[in-house]
Every structure is written in structure tokens, then in C-alpha cells.
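In what follows, a structure is listed as C-alpha cells, so that the remarks can point back to it.
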Amino acid sequence: MSLLIQGGRIVTADADFIGDVLIDGETISALGPQVAPPADAEIIDAAGKFVFPGFIDPHVHIYLPFMGTFAKDTYESASRAALVGGTTTLIEMCCPARSDDPLEAFELWLGKGERSACDYTFHMGVSRFDGGAESAIREIANRGVASLKVFLAYKGAFGVDDGELFATLSLAKELGLIVTAHCENETLVAELQKRLLAEGKTGPEWHEPSRPPRVEAEGVHHLMTFAELTGAHVYCVHTSCGEALAAVQAAHLRGVNAWVETVIPYLVVDKSYAELPDFEGAKYVMSPPLRDVRQQPTLWNALRSRLISTVATDHAPFDFAGQKEMGRGDFTQIPNGIPSVENRVTLLYTHGVAAGRIDLATFVDAASTQAAKLFGLYPRKGAIAAGSDADVVVWDPDYRGRISAADQEMDVDYSAFEGWEIAGRAETVLVRGKVQVQGGKFTGELGHGQFLRREPTHF
Ligand code: URP
Ligand code: ZN
Ligand code: ZN
């Protein structure tokens, strides 16, 4: 079965022209200013629309036992949400507890993906490093997982100690895996939390002061030192501030192979949201925290200059009722996370492209192509090219609407962006040639998503 996406403005990270994309089965077979389709081809008219490669969210949590509860989404809800937002590939953090068997954990997370409507893969979390963990990492890498995740935060839960960090990075270097890392100094967090609580500062507005920019920069500096001495390639997840970016820049000057991710909440919301009255601020508690609004121009500039490679979400959905509320009277007990897998691309387009902060090429690169390149998916994903998977987003730049929890696919009882106006939306979305979204609504098939095997590339 052939399908022709006709007459759209095809925009990738390195090309921009009006033309046609021909899809045969699951792959793109031809593209150009005019492509003659086979007689029986189905036509999608893309005149006046953008045609983008499917977007990739390289940092989400779907199954996540965390802070005494579980993240709300399943692959059914999260993949539908991702798709209506234009995201066709998810990279989930597989986050075993320290006491878990890593192979069993990997199997558990893998099984959760079976009902996914979009493609997916994992960063394998390393929360303990010993002989058993080492052989598990080797096996999981052989099974197509080309990236790891470490936490330099969350004392006693996921965090690794320095010996384990050194061993993990050394093994990653040997195997060519890239190590993604949550960078905050966990001792400083614990001490600052204790001090604030002792002073009676218990509301969500105290979350940011308990993990100020210097705490994050210290975590990044720490990771950079270990990357420098092991030669491992590292990727700082959810980078929120100029202080942390400066630590990466300093490491770049020393020859460290380091890449930077920010996440959409840092670009569009700030710490004043966590100060909202009546505990509303809890909806905006994530780690590292939302920062002073003056950090936002720094982040946009770093995105434009490409010091920031990717814009992810760190989607971590917890209901306000019953979950965020666990932290009433003690901000350290508020489950961390802001649900946004559905909103990332639309918000980046609205506040980035439409607002004139970034150009279209940067938008596609940061929301799709860079993640594909860094995580061993390119050019299968992140490209519109002959031979690439036919993951395609037909984007309507003229659409205007508002975000509301009432009509979202994410299985969570609020939206951090309630009532916000959006400019543009994913109108039609294809995953490996199959139309999964039409008219901005999910019309596709759960279970169509595939686990993506990846080869190591970071030697
Ligand atoms: O607040 C956050 N970031 N929640 C999810 C877990 C993590 O740290 O990535
Ligand atoms: Zn994190
Ligand atoms: Zn995360």
C-alpha cells in the first residue's frame, strides 16, 4: 500500500522545500518537489502545511514507582498523548530500585510497552553497580539498549555512589553506550531540605530553594569530572539553568563529550508557578525545580546556539488529588514531575517558532533529529529521507486552540498549562506508514508501536 503526502512544506533539520513524500508500507520510498505516485496510492493533501519527521521525546516516565506512589500513565494513555502531540517515538527511563534485579526490571518495563501506539525504547537505569549489574548491563546492551541512566540525586532510592558512577561510566565507555544523568548534589539537597523544614518552610514554594541552581551545577560538574576521567560520553537530562550550562561549557573546553537536554517546562513556566496559593504550586514541583523566570532567555539562547541539543519533557504524571497532595505540610513528599508528553511539541512551536525565538530547523533538530542521532536511531528516525521509517507529522500552522485537562489524552487530573493558547498542531501523524492521528485526534491502533533496537555508537 502506497501513500503520498502531497504539496507540503517539508522541513527537516537540514532541508526546507515544498514537495511530496511517497511512503511504501512502513518506509519512505521517495521525496522531491514532485513525486509521481502509483495509481492506487492514497493521497494526503498537505498544501499550506508543514511536513516534519516524527518527533522524539528522549526522556519520559510512564511506569514509575516513585516517592511512595506510581506515575499515572500507561503506555496506552501516554502513547496516545504523545501521538496527538506529534511525538512518534518515546524513550522511557527504565528505573529499577536499588534492590531490584536489573534484568527482571528490564523485562518488566519492556512488557509494559506492548500496547504502545507509538515506537519506544529505553535508557536503562543503573541504581546499583556490582558484578550482577555489570553482566545485566552487557546483556541489555546486546538486546538493543544503547544508553544508560544514572541519578546523582534521590538519596537512598535510585542514586549511585561515586564508585558505582565510575564503574558505570567505565563500562559505558567500553561498550560505546551514552550515559544520561540526573545531576544534582544529593547531600546538599538533603541538608537544605532539613534546614528549610526545621524553619517551618513546608509549602511547595520551598522546593526550589531546597535545590537551587548551584546544587544542579555541582551535580553537572561532578558528572563532567567522571566523564573526563573515564572518557565516557554523557548527556545531562533536564538542565534548568545557566549555572549548569556553564559547567558543561567548561567541560567542553576540556574535551569532555557531553550533551545537554532541557525540558519544555523550564522554557515556558517558572518558579512563581510553584508559589501559587492553596497548594496549587504542587502541580509545578519537579526536580531540578522550575527556576527564576530570568533563566528562560538563557535557555532559549542555548537552544538557539545548540549548546542545548534536545528538548524533552521528563513527563512524570501524578494526579493533584491523592498524589501531589501527599506532600501537603511537607514539600519533600510531593511526587516530583510535570505531565507534558502531549504538549511538548506544540508548546515548543508556539513559544519557540511562532514567537520568533527559534527557527524551524532548530525546532525539528531539538525535538527530533538530535535525539535520533545521539541515541542510535538516525536515520531510521529523525529524518525524512528515502529508507527512513515513515514517521511523519503533517502540521497545521494556522490552527489555534487552548490546552485543557478536560480533553487531554494523558491520564492525569490537571494540566500545568490549563487554558494556554496554542498556535499550530499536529494534524495527521503517521508511525511507520500507519496513520495514527487524524484531525488532531487519535484514530489509530494501540499495539502498533514497536520496541526499537539500537546499536552503540559512543566509543
Ligand atoms: O521531577 C522529576 N524530574 N520527576 C521524574 C524523575 C526524574 O528525576 O527524572
Ligand atoms: Zn531526573
Ligand atoms: Zn526523568
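Filter the GluC sites (Glu not before Pro) in segment 198-302 down to the DSSP loop ones having no more than 16 other Cβ atoms within 10 Å, then list what survives.
When the GluC sites (Glu not before Pro) of segment 198-302 are filtered for loop state and at most 16 Cβ neighbours within 10 Å, Glu199 remain.
Using all alpha carbons of segment 1-109, what is the percent of pairwise distances in each 10 Å bin, ordered from the shortest bin to the longest?
13, 31, 24, 17, 13, 2
Of the peptides 141-149, 53-61, how do they stack up when ordered by the mean number of other Cβ atoms within 10 Å, highest first?
53-61, 141-149
Please tell me the relative contact order of the chain in percent, rounded to the nearest whole number, where contacts are Cα pairs under 8 Å and at least six residues apart.
Across the chain, relative contact order equals 23 percent.
How many Å² of accessible area per residue for the chain, probe 1.4 Å?
Ligands and nucleic acids excluded, the figure is 35 Å² per residue.
Taking R0 as 25 Å, what FRET efficiency do you get between Leu276 and Ala423 from their Cβ-Cβ distance, rounded to the nearest 0.05?
E between Leu276 and Ala423, to the nearest 0.05, is 0.50.
Using only helices, what value at 222 nm comes out for the chain when you add -39,500 (n - 2.57) per DSSP H run of length 4 or more and divide by the total residues, to the nearest 500 deg cm²/dmol?
-8000 deg cm²/dmol, from helical runs alone.
Each label point is 7 Å from the Cα along the Cα-to-Cβ direction; what then is the distance between the points at Asp14 and Ile43, in nm?
Inter-label distance under the simple model: 3.2 nm.
Could you please tell me the mean projected area of the C-alpha convex hull for the chain, averaged over all directions and given in square nanometres to one decimal?
In nm², the orientation-averaged hull projection of the chain is 19.6.
Taking Lys173 as the anchor, which lysines have their alpha carbon closer than 20 Å to its alpha carbon, excluding any fewer than eight residues away along the same chain?
Qualifying lysines at Cα under 20 Å: Lys149, Lys373.
Give me the distance in nm between label points sitting 7 Å out from Cα along the Cα-to-Cβ direction at Asp161 and Asp398, one decimal.
6.3 nm
With Cβ to Cβ distances under 15 Å as the rule, what net charge do the other residues near Val268 carry (K, R +1; D, E -1)?
+1
What FRET efficiency do you get for Thr187 and Arg138 if R0 is 25 Å and r is their Cβ-Cβ distance, rounded to the nearest 0.05?
Computed FRET efficiency for Thr187 and Arg138 comes out at 0.20.
Roughly speaking, to the nearest percent, how much of segment 129-193's 1.4 Å accessible area is carbon and sulfur?
Within segment 129-193, the accessible surface is 54 percent carbon and sulfur.
Would you calculate the separation in nanometres between label points at Asp100 and Met1, each defined as 7 Å from the Cα along the Cα-to-beta-carbon direction?
That separation, rounded to one decimal, is 3.6 nm.
Under 5 Å between amide H atoms, partner at least 5 residues away or on a different chain: which partners does Thr443 have, H built in plane at 1.01 Å?
Val437, Gln438
Could you name the aspartates and glutamates whose alpha carbon sits less than 14 Å from that of Lys324, not counting residues in the same chain fewer than 8 places away?
Glu205, Asp278, Glu280, Asp413
Under a 5 Å amide H to amide H cut-off, with H placed in plane at 1.01 Å, what residues pair with Trp259 once short-range neighbours are removed?
Val234, Tyr235, Cys236
Which cross-chain or sequence-distant (5 or more) residues have an amide H under 5 Å from the amide H of Gly54, H modelled 1.01 Å from N in plane?
Residues meeting the amide H criterion: Gly382, Asp391, Val392, Val393.
I need the chymotrypsin sites (Phe, Trp or Tyr not before Pro) found in segment 281-386, filtered to DSSP loop residues with at most 16 other beta carbons within 10 Å of theirs.
Phe320
The values are calculated or read from the model by the stated rules, or taken from the named source; none is laboratory data. Computed from a predicted model, the values in this text were never measured in an experiment. Cβ: placed from backbone, ideal geometry, glycine included. Neighbour counts: every protein chain shown. Ligands, DNA and RNA are stripped out before the accessible areas are found, and what is left, the full protein with its side chains, is counted by its heavy atoms. Shrake-Rupley method; radii C 1.70, N 1.55, O 1.52, S 1.80 Å.
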